[in-house]
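Read through the structure below, which is laid out as structure tokens, and then see the notes.
The values are calculated or read from the model by the stated rules, or taken from the named source; none is laboratory data. Just so we're clear, the structure is a prediction, and the values are computed from it rather than from any experiment. So basically every Cβ, Gly included, is an ideal-geometry build from the backbone, and we count neighbours across all protein chains shown. Surface areas here come from the heavy atoms of the whole protein model, side chains and all, with no ligands, DNA or RNA. Shrake-Rupley method; radii C 1.70, N 1.55, O 1.52, S 1.80 Å.
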Amino acid sequence: MTKHDTWVKLKAGNPYEPILELFPDGMIPMRDPFPLERIAGEFEGKSLWIIDLERLKSSQATAITQLIASRFGADPIEVATEAMNKGGFAMSHEWVESMECGAEGFQRTKELVNFLETAPQPASAEAWQEFINSQYERWIEGNEEPPPINTIEDVDPRLRTPELEERLKMRQVNQFLVDVLTGRAMVDALNAIDPDNTYSLVGWDDEDFEDDDIYE
């Protein structure tokens, strides 16, 4: 299973408020970048997100288990067992205020947009099931890797926003600063200026280190 990269923030008044202090910046890890569960019973017809069990700390998973059990009068063991079978805890879409995602989230959202644009509308139950099965096989049960996102050009034009472009630029700036602070930028520049010699970083605790070995 790939490591998913979607997080959500919840609306004020959500039932998870008593335990949100356990989540940095109130961000909760989700298995999917959009609801894909088909639920029967009292939740039938609702859009549900799945809190990603693989990315929860034990304290977070325990708190969610106890909260759900208390709210619905259920046995905590039954709640935990169902979560393990599904790979996470179900959450109603009505509580989601905003979503942040990485490369996988963007790729899967792009695939959803492609499906909505190409499938006969309204899409039949069979078409939806085929799409959902493909998502499960490739992204939830499989190990498919999304293409990396480094600049706004790597994002599908239908998903681009000015805010996203600004954040990607800031990430590039931050990475450049990291490179400068670690000396990578200087080494790269020296290699470009003086191709007849090879320059590389040497740690202070490297064996046989001498002053003349700063660049080699």
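Once ligands and nucleic acids are excluded and a 1.4 Å probe is used, how much of HIS93 is accessible, expressed in Å² to the nearest 10?
80
Can you check what the net charge comes to around THR65, using other residues whose Cβ is under 12 Å from the Cβ of THR65 (Lys, Arg +1; Asp, Glu -1)? Write out the running numbers ahead of the final one.
Details: positive: ARG71; negative: ASP75, GLU78, GLU82.
Local net charge: -2.
What residues qualify as long-range amide H neighbours of LEU10, i.e. H under 5 Å apart, gap of 5 or more or another chain, H built at 1.01 Å from N?
GLU97
Identify all lysines with a Cα-Cα distance to LYS57 below 28 Å; exclude those on the same chain that are fewer than 8 residues away in sequence.
By straight Cα distance, LYS57 reaches LYS3, LYS9, LYS11, LYS46, LYS86.
Rolling a 1.4 Å sphere over the protein heavy atoms, what is the accessible area per residue of segment 112-171, to the nearest Å²?
Details: 4120 Å² over 60 residues.
Solvent-accessible surface per residue comes out at 69 Å².
What FRET efficiency would be calculated for the residue pair THR161, ASN197, taking the C-beta separation as r and a Förster radius of 35 Å, to the nearest 0.05?
Working: r = 45 Å, r/R0 = 1.29.
Approximately 0.20, to the nearest 0.05.
In segment 73-176, carbon and sulfur make up what percent of the accessible area (probe 1.4 Å)? Walk me through the intermediate numbers first.
Working: 3590 of 6590 Å².
Exposed carbon and sulfur together represent 54 percent of the surface.
How big is the accessible area of SER70 in square angstrom, nearest 10, if you roll a 1.4 angstrom probe over the protein chains?
Estimated to the nearest 10 Å², SER70 gives 100 Å².
Calculate, in nm to one decimal, what GLU117 and ALA69 gain on full extension: separation in residues at 0.36 nm each, minus their alpha carbon distance. Write down the numbers at each step before the final one.
On the way: separation 48, 0.36 × 48 = 17.28 nm, distance 4.01 nm.
Here the segment from GLU117 to ALA69 would lengthen by 13.3 nm.
Skipping prolines and chain starts, which residues have an amide H placed within reach, meaning under 5 Å, of the one on PHE89, given they are 5 or more residues away or on another chain?
Residues meeting the amide H criterion: ILE51, LEU53.
What ranking, highest mean first, results for peptides 106-112, 21-27 when packing means the other Cβ atoms within 10 Å averaged over each residue?
Packing proxy ranking, top to bottom: 106-112, 21-27.
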